[in-house]
Amino acid sequence: MHWLRRRFPVPLLGLLPALTWAQAWLPDRGTIGASYVHNDIENNDHYLPNGDELDVGHTRTFSDAVTLEYSPSDRWLVSLGAPYVRARYHGNHPHFGTNIDDGTYRGTFTDLRADLHFEAMENPFAFAPYVALIVPLHDYPTLGHAAPGRHLDERWIGFYAGKSLDRWLPRTYVQGQYDFAFVREVQNVSHNRSNAELEVGYFLNPRWSVRALGAWQRTHGGIDVPVPRTNPYYPNHDRLAAERYLQLGGGVAFEWSPGSSAYLVYKTAVSGANGHRLNNGFTLGVAYSFSTLR
């Protein structure tokens, strides 16, 4: 078992629907895991291209995801999961050309996500590159404040990196993540994306931990929004938006037995452009894992 996990169980990172060890430190060979993640997202404002905020109505989105993971070796991890998303818009500015903003909740499964992680090294810090594939499961609405997703094929390449700071700050660790998403073009517009997260955590004891975290996104290309209805990009402007943001938050995690843990995370946006402003984002997750080699 890896050194850091012998001392402290590394908790979940941010809002990703992944297990506690699907980061810089991967599990031992033969480990099978499952996680359930519930997100409650409240957006009360929209970011304009210059970063100003505009209230054109509020959205509330709930998502529930189950992810299954398996570690065929000490260095490899594969995972598969998909969310079920329910969203509702409340306001006086619904999108034209769709009824999804009529004030009622609508739910659907959205995109399948498959990951392959590799732990390249543990010292002097842990480093684990990964690739991911995002595939829409079916046709679903993409136009509207309450649209459940963007219905786009994506190919991700990224990495996690982490290090125990126990030598300088007892019971403390830091880890980060970056990925670049190759996103399918729409109307010949390129809109690839970079995402990054940074987390600093502290173990109150072997069971309880707290963390501070930040999340950043930038779209490479895309278009400024909103656009008028006469604009040829209007039907796809939500999918093509050149969204960027910076979010900050914190969380707490609890491990009640080896391989069984739960966590709660809160995030809010501090800046952004061309998209919904995350006013309040709560994530509740539960994870369970066991070894098939015992």
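Read-outs throughout are calculated quantities, based only on the coordinates presented, and are distinct from any laboratory measurement. No experiment lies behind these values; they were computed from the predicted model shown. Glycine gets a Cβ as well: all are built from the backbone with ideal geometry, and neighbour counts include every protein chain shown.
Peptides 47-55, 229-237 ranked from most to least packed, by the mean per-residue count of other Cβ atoms within 10 Å: 229-237, 47-55. Annotation: amide H-H contacts under 5 Å for G91 (H modelled 1.01 Å from N, sequence separation of 5 or more, or interchain): H58.
List the relative contact order of the chain as a percent without decimals, with contacts defined as Cα pairs under 8 Å and 6+ residues apart.
Values: 850 pairs, mean separation 55.3, N = 294.
With pairs under 8 Å counted, the relative contact order is 19 percent.
Between V227 and S257, the C-beta separation translates, for a Förster distance of 30 Å, into a calculated FRET efficiency of about 0.05.
Listed options for Rg and Dmax of the Cα atoms in Å are [x] 18.4, 57; [y] 18.3, 51; [z] 19.5, 64. The value calculated from this structure is the one marked [z].
When only Cα pairs under 8 Å and 6 or more residues apart are kept, what is the percent relative contact order across the stretch 150-291?
Details: 326 pairs, mean separation 23.1, N = 142.
Across the stretch 150-291, relative contact order equals 16 percent.
Here r is the Cβ-Cβ distance between N205 and L165 and R0 is 22 Å; the resulting FRET efficiency, rounded to 0.05, is 0.85. About its Cα centre, the dipole of the stretch 112-201 is roughly 140 debye, where the only charges are +1 on Lys and Arg Cβ and -1 on Asp and Glu Cβ. With a Förster radius of 51 Å, plug the Cβ-Cβ distance of L198 and F96 into 1/(1 + (r/R0)^6) and report the FRET value to the nearest 0.05. The pair L198/F96 has a calculated efficiency of 0.85. Rounded to the nearest 20 debye, the dipole size of the stretch 44-93 about its Cα centre is 260 debye, using +1 on the Cβ of Lys and Arg and -1 on the Cβ of Asp and Glu.
For D101, the residues 5 or more places off, or on other chains, whose built amide H falls under 5 Å of its own are H95.
Please state the charge dipole magnitude for the chain, taken about the Cα centre, from unit charges on C-beta atoms (+1 on K and R, -1 on D and E), reported in debye and rounded to the nearest 20.
On the way: 26 positive and 28 negative charges, 152 e Å.
Charge dipole of the chain: 740 debye, to the nearest 20.
Residue by residue, the stretch 164-175 carries 3J(HN,Hα) couplings of 6, 9, 4, 5, 10, 10, x, 6, 10, 9, 9, 8 Hz when phi is fed to the Karplus relation 6.51 cos²θ - 1.76 cosθ + 1.60 (θ = phi - 60°); x denotes Gly or Pro. Once backbone amide H atoms are built at 1.01 Å from N, R29 has D74 as its partners under 5 Å, excluding neighbours fewer than 5 places away on the same chain.
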